Amino acid sequence: MHHEIVESRKQVATPVSSFKTVPLKLNVSPYRGGENEPLSRWFVELDAAVSARQLRDPSQQVLFAMSNLVGRAKSWAYGKRLADPNYFYSYDNFKAELKMAFEPPQSEFRARAEFLKLRQGRFDLHSYAQRARYLVSSIVDEPIDVPTQVVTFMTGLNDGPIRNQLFREYPKTLEEAISRAMQEEFSIKQAKFQSFPSRPPRQSNVVHDGQSMDI
């Protein structure tokens, strides 16, 4: 009995080993260095992947970031490294140099201005919503506040039942506004489809005895 008590105490006293977080290999969209590629948004995606992969060493962080460059951005980065192996001495330095080289001046200002004057016009609802999402996600340093996002999206909708319904409900977020607009559009299409009169069944010109009817 005494032996069992001692063994039980040993088991209680033994510390439980902590679980280790397994690195998650998130993929990153390649960055080409084009004018229509928001660099700040790419940095958000890159930071998430670096954190998920648990890359702690600055040199590994830089190498991973460089591996996701293509086109002229890749040529620029590896050209810098070829001239000076220590050119990117830290992850933050790499991002700062890349931003200076490829981010168009006042890119976020232009995205903000375009969003604030965004109108649906000839765009279908899906394309209009995707454009709104893209512009909002391109503004990272000084994001547009949520109420302004909602009001701008709702105001830019074409006049009609969808716009009127959103102003009656007044969604709290941009995604909620887009979701409600999509639902309203679907409901309108369903109502139109159900309102079409059904065609009566076509009558056959053949009698049951197999002889054709005289017209």
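The values are calculated or read from the model by the stated rules, or taken from the named source; none is laboratory data. Remember, it's a predicted structure, so these values are computed and weren't measured experimentally. Here the Cβ is made from the backbone with ideal geometry for all residues, glycine too, and neighbour counts use every protein chain on show.
Taking VAL140, is it surrounded by 13 or more Cβ atoms within 10 Å (Cβ to Cβ) and at pLDDT below 95? Yes: the conditions hold for VAL140. Give just the number: which of (1) assigned to a helix (DSSP H, G or I); (2) closer than 23 Å to VAL44 by Cα; (3) among the charged types (D, E, K, R) does ARG168 not satisfy? If we test ARG168 against (1) assigned to a helix (DSSP H, G or I); (2) closer than 23 Å to VAL44 by Cα; (3) among the charged types (D, E, K, R), just (2) comes out false. Within segment 86-134, being within 20 Å of PHE64 (Cα to Cα), among the hydrophobic types (A, V, I, L, M, F, W, C) and touching a residue at least 12 places away in the same chain (Cβ under 8 Å) holds for PHE88, PHE94, LEU98, ALA101, PHE102. Residues in segment 148-165 that are within 23 Å of TYR134 (Cα to Cα) and either assigned to a helix (DSSP H, G or I) or touching a His at 6+ places or on another chain (Cβ under 7 Å) (or both): THR148, GLN149, VAL150, VAL151, THR152, PHE153, MET154, THR155, GLY156, ILE162, ARG163. Scanning segment 52-69 for residues that are under 28 Å from VAL136 (Cα atoms) and modelled with pLDDT under 95 gives ALA52, ARG53. Does segment 188-208 contain any residue that is surrounded by 10 or more Cβ atoms within 10 Å (Cβ to Cβ), modelled with pLDDT of 95 or more and over 21 Å from GLU37 (Cα atoms)? No: segment 188-208 contains no residue that is surrounded by 10 or more Cβ atoms within 10 Å (Cβ to Cβ), modelled with pLDDT of 95 or more and over 21 Å from GLU37 (Cα atoms).
Just one of the listed residues (GLN106, GLN211, GLN120, GLN130) is at pLDDT below 80, under 25 Å from ARG41 (Cα atoms) and not hydroxyl-bearing (Ser, Thr, Tyr), namely GLN106.
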